[in-house]
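K.L.:
Questions regarding the structure given below will be posed in turn.
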Amino acid sequence: MVCQKEPLVQKVCDLYEQISSLESLKPSKDVDMLFTQLVLTCIPPNPIDVNKLCKKIQEMRSKLIRLCGEAEGLLESHFSAILGSYENPLDHLNVFPYYSNYLKLSHLEFNILKQHCTNVPSKVAFVGSGPLPLTSIVLACNHLTATSFHNYDIDPSANSKALQLVTSHPDLSSRMFFHTTDIMDVTSELQEFDVVFLAALVGMDKEEKVKVIDHLAKQMAPGAILMLRSAHGARAFLYPVIDPCDLRGFEVLSVFHPSDEVINSVVIARKYSMPLKSIDHQQTGLGSMIVLPNKCCEILAFNPLSHVTMVEELAVEEQHS
């Protein structure tokens, strides 16, 4: 068990105590300072396994992830309102302090997607797009310039702010759509998308996120791509972790763990074209073992980030109900 005596864990616990005692998580000098310290503490590569944390620290981590999610939402809402005050908001995206991170992450995700998509996707869904849908905007402007993007968020004020950012843009206003709904209520519509992105903060703990993934597995088109953001090592104090075994109904193609300032790991998976229950192992009562090809050598050739560590998940065990 990893507990509070570990220096990293002690530092994170100290920061959690300070963050949880704040009166508000809206952007301010104190909020910015504490979350900057937290991120700088968690970014360096660290072999810590959050699954081995003792119960007390596990509970702290769950609360901290929720605080991070709330603060991130408030930060994005704050800057979305600032951007929305400009005549052409998309000309000023660099006022957002983490814009360069989104450029790098979107570039990485596009290059990963390119390796597993034979055709340029015509329709993409982004689940949990928020008030500042930078991933959709960057992909639409820089990488998928003819693709339509359907952004789903449960918060009407988030979608209202997001829409304001693209309304004045002649191209994006015709390709960017916003839907105010709980993704769990979206069913056959999900069949239309070639690729579905799931934001890191949709499902703030393992159980919530797995419910969303199971719903997507049921509703997405066979062969469609699912891209998720996860976390690795100490970065798992900031975001929920997705393990390959959580992706029931999907073939996990690759898991990528950046080691630079891009915090999120990237998981790419493809919905099975046929139910695994039809495979030979059906009668054995055992899970099926899927062996994935090693694509590391292909990916290294076009990797845009010089500090990315890539982990291929070579086997995925499918649990049958």
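K.L.:
What residue, of L103, L93, is surrounded by fewer than 21 Cβ atoms within 10 Å (Cβ to Cβ), under 16 Å from the mean Cα position of the chain (by Cα) and closer than 25 Å to S168 by Cα?
P.N.:
Of L103, L93, the one residue that is surrounded by fewer than 21 Cβ atoms within 10 Å (Cβ to Cβ), under 16 Å from the mean Cα position of the chain (by Cα) and closer than 25 Å to S168 by Cα is L103.
K.L.:
Let me ask something else about it. Return the pair list, or none, for Cβ contacts closer than 8 Å from residues in the range 168-192 that are at negative phi to residues that are surrounded by fewer than 17 Cβ atoms within 10 Å (Cβ to Cβ) and among the charged types (D, E, K, R), at least 6 apart or on different chains.
P.N.:
S168/E87; T180/D155; M184/K211; E192/K123
K.L.:
Right, something else. Can you tell me which residues in the range 182-214 are more than 26 Å from L67 (Cβ to Cβ) and not in a strand (DSSP E or B)?
P.N.:
D185, V186, T187, S188, E189, L190, Q191, E192, F193, D194, D214
K.L.:
Give me a count of the residues in the range 34-59 that are out of contact with any Leu (no Cβ under 7 Å at 6 or more places or on another chain), aliphatic (A, V, I, L, M) and buried (at least 20 other Cβ atoms within 10 Å of the Cβ).
P.N.:
Qualifying residue count for the region: 2.
K.L.:
Might you let me know whether the range 234-253 holds any residue that is in contact with a Cys (Cβ under 7 Å, 6 or more places away or on another chain) and within 25 Å of I137 (Cβ to Cβ)?
P.N.:
yes
K.L.:
A further question on this structure: Looking at the range 169-181, which of the residues that are touching a helix residue (DSSP H, G or I) at 6+ places or on another chain (Cβ under 7 Å) and not in a helix (DSSP H, G or I) is surrounded by the fewest Cβ atoms within 10 Å (Cβ to Cβ)?
P.N.:
The extreme case among them is T180.
K.L.:
Counting just the residues of the range 122-165 that are surrounded by fewer than 21 Cβ atoms within 10 Å (Cβ to Cβ) and of a type in the set (S, T, N, Q), which one comes out nearest to E109 (Cα to Cα)?
P.N.:
N142
Bear in mind these aren't lab numbers, they're just calculated from the coordinates by the rules spelled out. What you see is a predicted model; the values in this text were computed from it and never measured. Reconstructed Cβ throughout: ideal geometry from the backbone, glycine too, with neighbour counts over all protein chains shown.
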